[in-house]
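**Q** First the structure, which I've put down as structure tokens, then a few questions once you've had a look.
What follows draws every value from the coordinates through simple rules; no lab data is involved. Everything quoted here is computed from the prediction, not taken from an experiment. Counting neighbours? That spans all protein chains shown, and the Cβs are built from the backbone with ideal geometry, glycine included.
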Amino acid sequence: MYLPALPTIGADLQAETSAVQMSLLAFFISMGLAQLFVGPLSDMLGRKMPLYAGLVLFAIGSIGSALAGDIDTLVAFRFLQGIGASAGMVIPRAVVRDLHTGVDAARLMSMLMLVFSISPILAPLTGTAIISFFGWRGVFWAVLIAALIGMVLLATSLKETRPKSARVESSLGSALGAYRLLLKDGNFLGLTFIGGLGLSSFFVYLASSSFVLIDHYGLTPTQYSIAFSINAVSFFSVSQLSGWLADRYGLVRVVRMAVTGYAVAMALMVAVMMSGFQSLYVMAAFLFVGYGFLGLVLPTTSVLALEEHGQIAGTASALMGTLQFVAGAIAMGIAGAFFDGTAMPMVVAIAACAVAAFVLTQVSLGRRRAKMTVEAPAE
């Protein structure tokens, strides 16, 4: 919601572009790292209690951000906001795994992606409207209200999916053991980083797009919000096909096809723009196609990564989220260091993430297919 206001925040708080981007980066870093603790807690205490705690922290961070008088204070409270938001990222995936596996899980995960993607469509437009009337601080009062609504929905609409009987063997020691197990699981790590590299490319876009589209291409905040929303439409629309495609072709083949399409689209975008065609419409067209493929990558890799870890779904979801968000934060930091006011550093970083995901897919899923082939006769 506050992306359209990033340039305005810099002017108001007398902060440089890199410092303003840090308010976004701090949020993602804390949201990624805090998942390491939230996930095991949700295995030990159930799914709902950590969600309540996360929403409370998010609300406190929102109030502090709204009242921030300098960029350092804003960054600090955005960091606290991210800790609270981590519960909302890690626990829903665990809930999906509590309820379903396989193609059914892919369908539910794609529905989760739909809900997550609606906010990028509505949030920038809503944020622009709020900013025009109440300034950028109004955005944080608005998300405070959203957090309070979330608490009401949590109390009235979500049943506990982690029964007490399943929590008996969950403890700090079991969580550490689960992390050791997951860090030795090449299949889990490969799928996590395939999705993580895709997510990293989107984080780069999040951090740089407002400066590129508003300052470089001259869009108004409203026009920027529309351009941002179009990519989200592509993402969530195609993601809804993941269940049908997985049922027809299998999850592994869907991942390979989607990652290949994403890497080709992003690589072509860089090649065309480096050849001199740096029009906003050229970049927007490639991003629209690419983020459609990304809409297939994220839900399917998440389902496959969690498939064999139902007993530690919260911990597995936490490690997956942390590794992905840390990768995204690193990508944002590197892209930000090379930012020069033009679109090229952003698109090169996006393409680099996509190509890296393609290479990792060939290695990781190729090993998985070989393992399945060896094990097939025994079945």
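**Q** Among Ser42, Ser165, which comes first, then next, by fewest other beta-carbon atoms within 10 Å? Walk me through the intermediate numbers first.
**A** Working: Ser42 31, Ser165 7.
The most exposed by this proxy come first: Ser165, Ser42.
**Q** Write down, largest first, the equivalent ellipsoid semi-axes of segment 55-113 in whole Å, where each equals the square root of 5 times an eigenvalue of the alpha-carbon gyration tensor.
**A** Semi-axes (√(5λ), whole Å): 34, 9, 7.
**Q** So, one more: Arrange Met274, Met151 by Cβ neighbour counts within 10 Å, fewest through most, would you? Intermediate results must be reported in sequence, preceding the final value.
**A** Working: Met274 12, Met151 15.
By the 10 Å Cβ count, ascending, the order reads Met274, Met151.
**Q** Moving on. Explain nothing, just the number: dipole magnitude of segment 45-98 about its Cα centre with +1 on each Lys and Arg Cβ and -1 on each Asp and Glu Cβ, in debye rounded to the nearest 20.
**A** Around 360 debye, computed over segment 45-98.
**Q** How long is the gain from Thr260 to Leu148 if the chain were fully straight, where each residue apart is worth 0.36 nm and the alpha carbon distance is subtracted?
**A** Contour length minus Cα-Cα distance gives 36.2 nm.
**Q** Need the full-extension length gain, Leu181 to His216, defined as separation in residues times 0.36 nm minus the C-alpha distance. One decimal, nm.
**A** 7.9 nm
**Q** According to the square roots a ≥ b ≥ c of the eigenvalues of the Cα gyration tensor, what is the shape class of segment 1-157, taking rounded for a/c under 1.5, prolate for a/b larger than b/c otherwise, and oblate for the remainder?
**A** Working: a/c = 2.05, a/b = 1.74, b/c = 1.18.
Prolate.
**Q** Restricting to DSSP H runs of at least four residues, report the calculated mean residue ellipticity at 222 nm for the chain, -39500 (n - 2.57) per run over all residues, nearest 500 deg cm²/dmol.
**A** On the way: 15 runs with 315 residues, N = 379.
Calculated at 222 nm, the ellipticity per residue is -29000 deg cm²/dmol.
**Q** Inverting the mean 1/r over all pairs of different Cα atoms, compute the Kirkwood radius of segment 224-379 and quote it in Å.
**A** 17.1 Å
**Q** Next question, about the same structure. What nm distance separates the two modelled labels at Leu172 and Ala337, each placed 7 Å from Cα along Cα→Cβ?
**A** Rounded to a tenth, the inter-label distance reads 3.6 nm.
**Q** What does the highest-first list of 331-341, 191-201, 258-268 look like by mean Cβ count within 10 Å?
**A** Averaged packing, sorted descending, gives the order 191-201, 258-268, 331-341.
**Q** Let me ask something else. Assuming 0.36 nm per residue, please report the length gained on full extension of the stretch Arg248 to Phe288 beyond their Cα-Cα distance.
**A** 11.9 nm
**Q** Another question, if that's okay. Using a simple charge model, +1 on the beta-carbon of Lys and Arg, -1 on the beta-carbon of Asp and Glu, nothing else, what dipole does the chain show about its Cα centre, in debye to the nearest 20?
**A** Here the size comes out at about 840 debye.
**Q** Sticking with this one: With the crude spin-label approximation of a point 7 Å out along Cα→Cβ, what separation in nm comes out for Leu122 versus Gln311?
**A** Going by the 7 Å Cα→Cβ label model, 4.1 nm.
**Q** Mind ranking 297-303, 358-364 by how tightly packed they are, going by the mean number of other C-beta atoms within 10 angstrom, highest first?
**A** 297-303, 358-364
**Q** Kindly identify the chain as rounded, prolate or oblate by the Cα gyration tensor criterion: order the square roots of the eigenvalues as a ≥ b ≥ c, call it rounded if a/c is under 1.5, otherwise compare a/b with b/c, prolate if a/b is larger, else oblate.
**A** It is oblate, given that a/c is not under 1.5 and a/b is not larger than b/c.
**Q** Using the basic label-point model (7 angstrom from Cα toward the beta carbon), what is the Glu16 to Leu45 distance in nanometres?
**A** That separation, rounded to one decimal, is 4.0 nm.
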